[in-house]
Amino acid sequence: MNHLDFKFTPDLVHSEKNLPVFSGKGRLLVHILGDAIWSEDGHDGVTGIDEHWDGLLDHLAKNWHALGVEQTYPPGHNPLSPDQFLDEALASLDWSSEPTEILYPREREIMAFADRHNLASGMREIHLDPIYLLREGNTMRVVADDHDLSMPIRNAVQTLENLGNNIARSVSSHSPRGAIILENWHNRSQPLPTDRWLALVTGMSSERINRMTVHDNVTSEYLHLPSMSEPGPVQIAARMTHHVLLDQDLKEVLKLVATLNMTPLGGQLLQLRQQAENHLAGLAGEKAYVQGYELARLLREKLELPDHEPVDPETLLKQWNVSIEKTRMVEDVDAIARWEDDHAVILVNQNGKHAQYPWGRRTTLAHEMAHLLVDTLSTLPAIEVLGGRVPARLEKRANAFAAEFLLPVSHVETLVANDSNPEILKKWLDSLTQQFMVSRTLAARQIENFLAKQEKLSQECRQFLDREANRYQQGNNWLTA
């Protein structure tokens with residue numbers, strides 16, 4: 001069964017004597033994981049929707065590059081799922097205080113992004129449930145109705161191409177509208193100018209790309225695309241960090257990424273990575289934080305690490321032959337991890353907002369460990385920048401992994417299961433942060449998560465733990481002291 005399946009059955013082909021305004025007539029039936037998403041109920045059961053589908057073909061043609069390459073939401077937005085983007089982004093516009101000359105362009109940008117990644121936007125004349133497509137690394141995220149899945153990008157592009165070719169056979173080349181749509185479809189893969197292509201790949205404006213490269217041959221060389229079909233680590237790093245870094249800081253990060261030396265991974269890590277990927281496949285329907293917790297428990301089990309004992313991520317990574325380098329740069333970036341095939345390196349920023357602290361470095365390395373285990377072959381095929389913009393669900397999973405790997409909830413349970421009040425919780429917070437060398441924020445959240453799951457979290461305890469967690473918090477991430 002294909003993850004995403006389109007079945008187009010043409011109804012008729014118009015002759016030159018009876019030119020239609022609209023064409024591409026036929027029945028289109030769309031299944032995701034075997035469930036009908038676009039369909040009608042017929043006499044013989046579920047059938048395709050009978051309509052002119054040339055508008056969908058035109059939508060595919062005009063947005064071909066965006067569907068195959070674009071991965072970056074408009075600035076300021078990084079929802080957990082593409083289907084949440086439009087409502088969240090529109091709700092973020094403050095019409096009561098911001099000037100309309102700023103808000104109108106933002107609104108147009110939001111609407112345009114949502115449209116080009118929603119197949120239903122090509123058929124505005126009829127009501128269709130949205131089908132959102134967004135590339136994430138080597139995968140295509142497909143979200144529709146209650147379905148949320150990822151499939152290999154090559155398979156997704158081939159599926160869309162087959163759909164377009166099938167519709168194109170029923171589009172009239174003799175009508176003005178049909179001729180234009182067919183021309184757009186046949187020219188869908190024409191290369192874009194380099195600056196426009198880089199802008200699509202990185203999410204940076206063409207103006208900023210030109211500004212950064214016009215007088216800097218080194219940056220220009222690093223930022224240049226190695227291939228028009230696949231972005232390299234430098235372009236991915238630019239996509240992840242350009243929204244938080246000034247030009248000079250961004251140049252520094254890109255040059256670091258380009259010059260990092262990777263080392264071959266040890267056999268134990270390669271074996272653990274395969275086991276982790278297999279385990280994750282069985283957790284496909286779970287929330288990101290559940291996946292993170294379960295992966296951490298699997299790793300502790302495979303490494304035979306008792307839950308009551310602390311673990312040092314740096315020692316483990318070095319045992320796996322993962323190169324760990326240190327640097328000092330702008331504080332917005334805590335770490336950069338780069339990998340290729342069976343080689344990897346982690347660069348830790350000793351000036352990082354969180355990584356400047358011992359407990360922050362431990363959590364940072366545990367976070368990168370999660371990505372090394374389950375993301376290097378799919379959603380993050382080349383690089384991850386902690387502090388940059390990475391798909392939100394991946395960061396939630398890696399954060400949950402780090403918390404559970406460094407401080408297992410099962411150990412927290414032995415301390416607070418029978419009696420919990422602010423005075424006792426403070427005692428255990430003091431003990432846990434010292435014994436496991438984690439931040440007070442991380443320990444408070446692990447206690448809070450356990451008590452909430454057991455329905456033992458009183459309002460008094462929740463308020464206390466929130467105060468303790470936020471007391472040392474810096475920014476929006478809980479990787480702090």
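The values are calculated or read from the model by the stated rules, or taken from the named source; none is laboratory data. Owing to the predicted nature of the structure, the values given are computational and were not obtained by experimental measurement. Ideal geometry is used to build each Cβ from the backbone, glycine not excepted, and the neighbour counts take in all protein chains shown. Accessible surface areas use protein heavy atoms only, side chains included; no ligands, DNA or RNA. Shrake-Rupley method; radii C 1.70, N 1.55, O 1.52, S 1.80 Å.
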Determine which single condition T379 fails, assuming it passes every other condition in (1) in contact with a Leu (Cβ under 8 Å, 6 or more places away or on another chain); (2) of a type in the set (S, T, Y); (3) buried (at least 24 other Cβ atoms within 10 Å of the Cβ); (4) assigned to a loop (DSSP other than H, G, I, E, B). (3)
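To keep it simple, each residue is scored yes or no on (1) closer than 26 Å to P233 by Cα; (2) touching a residue at least 40 places away in the same chain (Cβ under 8 Å).
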position	(1), (2)
V253	yes, yes
G267	yes, no
H279	no, no
A296	no, yes
K302	no, no
D307	no, yes
V311	no, yes
State the number of residues belonging to the range 114-136 that are of a type in the set (A, V, I, L, M) and assigned to a helix (DSSP H, G or I). 3
For the range 335-368, the count of residues that are among the polar types (S, T, N, Q) and open to solvent by 70 Å² or more (accessible area, probe 1.4 Å) equals 1
How about the range 235-271: which of its residues are closer than 15 Å to E340 by Cβ and open to solvent by 30 Å² or more (accessible area, probe 1.4 Å)? A258, T259, N261, M262, T263, P264, L270
Determine which member of the set D195, D146, D216 is among the acidic types (D, E) and under 30 Å from E286 (Cα atoms). D146
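Matching residues to (1) surrounded by fewer than 16 Cβ atoms within 10 Å (Cβ to Cβ); (2) modelled with pLDDT of 95 or more; (3) in a loop (DSSP other than H, G, I, E, B):
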| position | (1), (2), (3) |
| --- | --- |
| F8 | no, yes, no |
| H14 | no, no, yes |
| I37 | no, yes, no |
| L67 | no, yes, no |
| T72 | no, no, yes |
| P75 | yes, no, yes |
| Q84 | yes, yes, no |
| D87 | yes, yes, no |
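A quick yes/no check of all residues on (1) small (G, A, S); (2) open to solvent by 30 Å² or more (accessible area, probe 1.4 Å); (3) at pLDDT below 95:
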| residue | (1), (2), (3) |
| --- | --- |
| E286 | no, yes, yes |
| E294 | no, yes, no |
| E301 | no, yes, no |
| L317 | no, no, no |
| V333 | no, no, no |
Consider I167 carefully, then state whether it is open to solvent by less than 60 Å² (accessible area, probe 1.4 Å) and aliphatic (A, V, I, L, M). yes
Residue in the range 455-481 that is modelled with the lowest pLDDT, counting only those that are among the charged types (D, E, K, R) and in a helix (DSSP H, G or I): R471
Exactly one of A392, A452 is touching a residue at least 24 places away in the same chain (Cβ under 8 Å) and aliphatic (A, V, I, L, M), and that one is A392
For the range 197-234, enumerate the residues that are under 14 Å from Q71 (Cα atoms), touching a Ser or Thr at 6+ places or on another chain (Cβ under 7 Å) and either modelled with pLDDT under 90 or open to solvent by 30 Å² or more (accessible area, probe 1.4 Å) (or both). G203
